[in-house]
1. Could you say which residue among A:Leu182, A:Leu155, A:Leu151 is buried (at least 22 other Cβ atoms within 10 Å of the Cβ) and within 21 Å of B:Leu76 (Cβ to Cβ)?
2. Taking only the stretch A:148-194 into account, find how many residues are aliphatic (A, V, I, L, M) and in contact (Cβ under 8 Å) with a residue 40 or more places away in the chain.
3. Could you run through the stretch A:25-84 and say how many residues are over 17 Å from A:Asp211 (Cβ atoms), charged (D, E, K, R) and touching a residue at least 60 places away in the same chain (Cβ under 8 Å)?
4. Can you give me the ranges of the strands (runs of 3 or more DSSP E) entirely in the stretch B:10-82 with at least 3 residues that are among the charged types (D, E, K, R)?
5. I'd like the full set of residues that are modelled with pLDDT under 90 and either surrounded by 18 or more Cβ atoms within 10 Å (Cβ to Cβ) or among the aromatic types (Phe, Trp, Tyr) (or both), limited to the stretch B:203-234.
6. Looking at the stretch B:93-106, can you tell me whether even one residue there is buried (at least 17 other Cβ atoms within 10 Å of the Cβ), acidic (Asp, Glu) and either more than 7 Å from chain A (Cβ to nearest Cβ) or in a helix (DSSP H, G or I) (or both)?
7. Would you please list the contacts, defined by Cβ atoms under 7 Å and residues six or more apart or on different chains, that run from a residue in the stretch B:1-30 that is of a type in the set (Asp, Glu) to a residue that is outside any strand (DSSP E or B)?
8. Quick one: count up the residues across the stretch B:152-180 that are within 16 Å of B:Ala206 (Cβ to Cβ), among the small types (Gly, Ala, Ser) and assigned to a loop (DSSP other than H, G, I, E, B).
Amino acid sequence: MNREYLTTRVLPPLAFTLALFFLWELACHLIKIPPTILPAPSEIFAALWKFRTPIVENSWVTLWTTLAGFAIATVFGLLLGIAVGWHRAIYAGVYPVLVGFNSVPKVAVVPVLILWFGLGEVPAVITAFLISFFPIVVNVATGLATTEPELEDVLRALGASKMDIMRKVGVPRSMPYFFGSLKVAITLAFVGAVVSETVGANKGIGKLMLDAQAGFQVPIVFAGLLVLAFLGIVLYGLTVIIEQRFTGWAFRGQNR
Amino acid sequence: MPALVELTNVSMAYGRGAHAVRAIEDVTLTVSKGEFIAVVGPSGCGKSSLMKLISGLHPPASGTLTVEGKPVKGPLPSVGMAFQNSNLLPWRNAVDNVLLPLEIVEPHRSRMGRERAQYREKAIKLLNSVGLTGFTEKHPWELSGGMQQRTSICRALIHEPDILMLDEPFGALDAFTREELWCALRDIQAERHVTVMLVTHDLREAVFLADTVYVMSNRPGRIVKRCEVNIPRPRDLEVTYTQPFQDIVHELRSLIGGRH
């Protein structure tokens with residue numbers, strides 16, 4: 001890590017975040033906001049430390065349900081996206097159903113899932129999956145649909161089959177779209193898992209926050225929010241790293 | 001010399017029925033093995049359509065079209081193509097781009113797994129021969145326009161096709177790079193005796209490179225003139241400044257017409 005990287009990429013976000021917490025702290029003390037409405041960061045961090053054991057335990061559950069749902073969404077989304085992009089008829093047939101499905105608020109589906117699978121981690125995994133596969137499908141299909149016909153012609157002139165063209169041109173060409181959609185999908189998966197937990201679960205950050213809220217332990221509720229934000233940043237960052245690792249060719253302008 | 005490509009009264013159209021746009025009409029021409037032909041004509045006269053026709057990417061509406069005596073029903077592995085845009089795959093480096101046809105065309109396709117190293121060596125050798133030594137591992141965006149086009153021509157040649165089809169391959173390059181690539185193409189053809197079909201709107205390019213130049217008329221494209229270039233080979237760039245060369249270019253120019 002060189003000096004320039006430190007001053008342009010590491011320090012600014014760190015300084016901005018600290019400043020935000022500082023202003024928040026200041027505001028709480030100056031305006032005298034009651035801790036039951038908006039606790040100061042110092043109280044939140046104190047709660048975070050005091051209840052670290054249950055917080056870590058429940059974060060772990062939320063984390064793995066999110067990742068499980070996200071993993072299923074990635075595989076399923078990629079396959080369905082390729083199928084939808086493969087042929088206009090499949091696109092025309094499947095797309096309206098997909099849009100309709102995506103328009104249903106997933107909160108409304110959770111009770112059904114609990115009915116089917118009982119309280120536990122399964123509804124959270126499924127909700128995370130349901131909410132996050134749509135952008136992946138749409139992006140992969142878009143990537144395939146926008147493949148330059150000239151690139152396909154290069155292969156067609158050699159007598160390549162549709163499958164060859166898909167493997168050599170279509171799929172690699174849509175990879176930047178795919179990885180781009182993962183950034184959206186991972187955050188959505190997280191939302192899905194937590195939403196499911198707040199509707200009904202026996203573990204997870206969402207459930208922890210729900211219990212804390214019932215007991216008026218507002219600092220714990222905010223500690224939960226903070227953990228969610230932090231995990232969200234970490235997961236997002238991971239997908240960005242994966243994206244650049246696999247589709248660096250699409251980001252050539254930014255590395256110069 | 002035996003005929004490699006034969007077109008007899010071939011017409012071609014895009015679309016069907018009343019909305020069909022006629023691109024080529026009643027074209028008859030023969031390309032011998034090892035011959036270098038150039039097709040010139042005004043913009044939109046169907047030059048590229050002729051290319052698509054012979055490569056099997058688009059079927060003729062009428063007439064007969066044979067390559068090596070067999071009617072063309074679809075794309076042929078014995079044809080290598082390069083276009084105005086290099087159309088390199090941006091996620092592959094130069095060598096891997098050149099290797100692409102070998103991953104498609106038999107018998108290389110099934111050998112690719114075992115003999116990848118040998119094929120790679122062959123691709124690198126080919127790239128070196130067109131002056132890309134040291135750039136073989138670069139991605140397309142790290143290459144200049146001329147280098148990309150050289151790579152694209154290597155890709156068209158790697159599976160040792162009988163016919164090399166070039167659709168305005170130097171159209172997007174500056175004048176100096178273009179002349180450099182003329183010489184590169186001249187040397188490739190002299191060395192490999194490959195049959196070349198070059199579509200271009202640059203008359204000097206056509207006359208410098210080809211044995212026979214065909215002039216096409218405005219749409220729907222017809223062949224209005226067949227012109228043999230009797231300038232001895234090997235030709236040097238200097239030849240383009242001589243009187244016989246200028247005379248041929250001038251004659252071709254007068255055939256193409258347009259407003260002056």
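1. Numbers: A:Leu182 fails: within 21 Å of B:Leu76 (Cβ to Cβ); A:Leu151 fails: buried (at least 22 other Cβ atoms within 10 Å of the Cβ).
Answer to the check: A:Leu155.
2. As a first pass, look at the stretch A:148-194 and keep what is aliphatic (A, V, I, L, M): A:151, A:154-155, A:157-158, A:160, A:163, A:165-166, A:169, A:171, A:175, A:182, A:184-186, A:188-189, A:191, A:193-194.
In the following step, the residues that additionally are in contact (Cβ under 8 Å) with a residue 40 or more places away in the chain were identified as A:166, A:171, A:175, A:182, A:184-186, A:188-189, A:191, A:193-194.
Residues that pass the stated criteria total 12.
3. Residues that pass the stated criteria total 1.
4. On the way: elements: B:21-32, B:36-40, B:62-67, B:79-82.
Here the list reads B:21-32.
5. B:Met216, B:Ser217, B:Arg219, B:Pro220, B:Gly221, B:Arg222, B:Ile223, B:Cys227, B:Val229
6. Keep residues of the stretch B:93-106 that are buried (at least 17 other Cβ atoms within 10 Å of the Cβ), which gives B:93-105.
Subsequent filtering for residues that are acidic (Asp, Glu) retains B:96, B:103.
Of the ones still in play, those that are also either more than 7 Å from chain A (Cβ to nearest Cβ) or in a helix (DSSP H, G or I) (or both) are B:96, B:103.
Looking for residues that are buried (at least 17 other Cβ atoms within 10 Å of the Cβ), acidic (Asp, Glu) and either more than 7 Å from chain A (Cβ to nearest Cβ) or in a helix (DSSP H, G or I) (or both), one finds at least one in the stretch B:93-106, hence yes.
7. Sorted first by the residue in the stretch B:1-30, then by its partner, the pairs are B:Glu25/B:Pro220; B:Glu25/B:Arg222; B:Asp26/B:Arg222.
8. Here is the first cut: in the stretch B:152-180, the residues within 16 Å of B:Ala206 (Cβ to Cβ) are B:164-171, B:173, B:175, B:178-179.
Applying the additional criterion that residues be among the small types (Gly, Ala, Ser) yields B:171, B:175.
Adding the requirement that they be assigned to a loop (DSSP other than H, G, I, E, B) leaves B:171.
Residues in the stretch B:152-180 being within 16 Å of B:Ala206 (Cβ to Cβ), among the small types (Gly, Ala, Ser) and assigned to a loop (DSSP other than H, G, I, E, B): 1 in total.
The values are calculated or read from the model by the stated rules, or taken from the named source; none is laboratory data. Quick caveat, the model's predicted, so the values are computed rather than measured. Every residue, glycine as well, gets a Cβ built from its backbone with ideal geometry; the counts of neighbours run over all protein chains shown.
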